[in-house]
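A quick write-up on the structure given underneath.
The values are calculated or read from the model by the stated rules, or taken from the named source; none is laboratory data. Because the structure is a prediction, the values reported are computed rather than measured. As a convention, Cβ positions derive from the backbone with ideal geometry for all residues, glycine included, and neighbour counts pool all protein chains shown. All accessible areas refer to the heavy atoms of the entire protein, side chains included, with ligands and DNA or RNA removed. Shrake-Rupley method; radii C 1.70, N 1.55, O 1.52, S 1.80 Å.
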Amino acid sequence: MSILLTGGAGYIATHTLISLLENGYEAVTLDDYDNSSPEALRRVRQLTGKEFAVIEGDAQDRELLVRTILDYNVDGIIHFAGHKAVGESVAKPLKYYRNNLTSTIAVLEAMQQTGVRDLIFSSSAAVYAGDNQMPLTESSRRECINPYGWTKYMSEQIIRDAAKANPEFSCVLLRYFNPVGAHPSGMIGEDPSDVPNNLMPYICQTAVGLRERLTVFGSDYRTHDGTGVRDYLHVCDLADGHVKALEYAASHSGCEAFNLGTGTGYSVLDMVKAFEKVNGVKIPYVIGPRRPGDLDECYADPSKAEKLLGWKAKRGIEEMVRDGWNWQKKNPRGYRE
Ligand SMILES: NC(=O)c1ccc[n+]([C@@H]2O[C@H](COP(=O)([O-])OP(=O)(O)OC[C@H]3O[C@@H](n4cnc5c(N)ncnc54)[C@H](O)[C@@H]3O)[C@@H](O)[C@H]2O)c1
């Protein structure tokens with residue numbers, strides 16, 4: 001089986017690429033390196049000792065997708081490519097709608113044109129409305145509060161409609177919760193090109209001295225310690241979820257959504273304390289104001305993925321903070337060393 005990974009040089013895609021290669025898949029990556037580096041792919045090669053094809057290009061380019069699918073006999077696609085910074089999506093909504101929606105449409109058109117039937121899509125917990133009961137199930141109410149979330153919501157709808165019109169399609173929508181950590185080798189990991197939006201890279205950059213201190217946004221949430229609670233998930237567990245999703249797609253048709261999370265919520269201060277304890281490093285922090293739109297808590301009911309995909313997160317908070325720090329410590333400036 002040969003799999004095309006759009007956005008294949010990114011954080012989640014490179015970890016997934018390792019899982020795919022280790023499970024006997026062949027792979028082709030297509031990335032414009034807007035938020036990643038070819039160095040990440042070089043390291044995947046080094047780490048796995050396996051070859052795969054690398055294409056530099058834009059996932060919005062349908063002709064390029066068709067050519068790549070035909071040249072490499074692609075059997076299935078994992079569509080990771082997209083912009084993902086929530087704050088930037090509020091300031092530049094059209095950039096987000098254009099890239100994230102056009103690329104999804106181009107992938108589906110290329111599937112129609114070439115007869116590829118299996119698609120795994122990187123969706124997000126950002127599709128769920130803020131007034132749901134926790135834990136979130138796949139049928140919890142969906143509504144977004146920023147353009148980034150809407151691009152995932154709309155992409156899901158576009159994929160669902162395309163699957164209805166093409167009954168041979170088999171599409172899996174993976175709603176990721178909060179991926180953190182890195183490959184245990186410390187050779188690949190998350191490398192934000194800007195000031196990190198997410199907690200773990202910010203903690204890691206503070207620990208390594210790139211940032212003076214962490215700002216904790218809000219300490220008066222209705223949680224056990226007042227800071228926001230999220231469902232953090234080790235990126236290697238998330239990567240394995242894609243292999244399970246491909247197996248599921250191969251034996252089903254239609255369109256199905258799955259939460260990928262651990263089902264356990266940790267607060268910002270839980271993560272800081274675990275990081276300090278496991279790694280023996282102090283994280284200076286200050287309490288700042290709440291960020292608009294942030295919820296008290298957000299965590300998954302991952303039981304559908306366990307039941308239908310046979311997937312369950314295996315790695316706990318210690319591995320998340322240990323592997324995240326191992327990557328940052330070995331690569332203080334990410335792939336730019
Ligand atoms: N990291 C998270 O917290 C999270 C949570 C939920 C969903 N997701 C989604 O998962 C996917 C992967 O996320 P990530 O964290 O690995 O991000 P990432 O930025 O590391 O990876 C995305 C990759 O896509 C590439 N890309 C963007 N637009 C492209 C285009 N038009 N053509 C070709 N390549 C393009 C980027 O260069 C990058 O390598 C994204 O769709 C993201 O929205 C991420």
Of all residues being more than 10 Å from the ligand (Cβ to nearest atom) and touching a residue at least 40 places away in the same chain (Cβ under 8 Å) in the range 93-104, which is surrounded by the fewest Cβ atoms within 10 Å (Cβ to Cβ)? Just the residue, please. Pro93
Can you find even one residue in the range 135-149 that is open to solvent by 60 Å² or more (accessible area, probe 1.4 Å), at pLDDT 95 or above, assigned to a loop (DSSP other than H, G, I, E, B) and among the hydroxyl-bearing types (Ser, Thr, Tyr)? yes
Being farther than 17 Å from Ser122 by Cβ, touching a residue at least 40 places away in the same chain (Cβ under 8 Å) and hydroxyl-bearing (Ser, Thr, Tyr) narrows Ser155, Ser185 down to just Ser185
Which residues, taken from the range 71-88, are among the small types (Gly, Ala, Ser), part of a helix (DSSP H, G or I) and near the ligand (Cβ under 10 Å from one of its atoms)? none
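Rundown of residues vs (1) open to solvent by less than 60 Å² (accessible area, probe 1.4 Å); (2) farther than 25 Å from Asp194 by Cβ; (3) in a loop (DSSP other than H, G, I, E, B); (4) not assigned by TED's automatic domain parsing to the domain that holds Asn166, yes/no style:
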site: Leu238; (1), (2), (3), (4): yes, no, no, no
site: Tyr248; (1), (2), (3), (4): yes, yes, no, no
site: Ala257; (1), (2), (3), (4): yes, yes, no, no
site: Met271; (1), (2), (3), (4): yes, no, no, yes
site: Ala274; (1), (2), (3), (4): yes, yes, no, yes
site: Ile283; (1), (2), (3), (4): yes, no, yes, yes
site: Lys307; (1), (2), (3), (4): no, yes, no, no
Kindly evaluate Glu297 against the criterion of being free of Cβ contacts under 8 Å to residues at least 60 places away in the same chain and either open to solvent by less than 40 Å² (accessible area, probe 1.4 Å) or farther than 20 Å from Phe121 by Cβ (or both). no
Answer yes if at least one residue in the range 56-70 is within 14 Å of the ligand (Cβ to nearest atom), assigned to a strand (DSSP E or B) and surrounded by fewer than 17 Cβ atoms within 10 Å (Cβ to Cβ), and no otherwise. yes
Selected residue [of a type in the set (Gly, Ala, Ser) and modelled with pLDDT under 95] from Gly57, Gly87: Gly87
Taking only the range 20-47 into account, find how many residues are touching a residue at least 24 places away in the same chain (Cβ under 8 Å), within 16 Å of the ligand (Cβ to nearest atom) and not in a loop (DSSP other than H, G, I, E, B). 12
Would you confirm, using the coordinates I've provided, whether Ala165 is open to solvent by less than 30 Å² (accessible area, probe 1.4 Å) and either more than 24 Å from Gly87 (Cβ to Cβ) or not β-branched (Val, Ile, Thr) (or both)? no
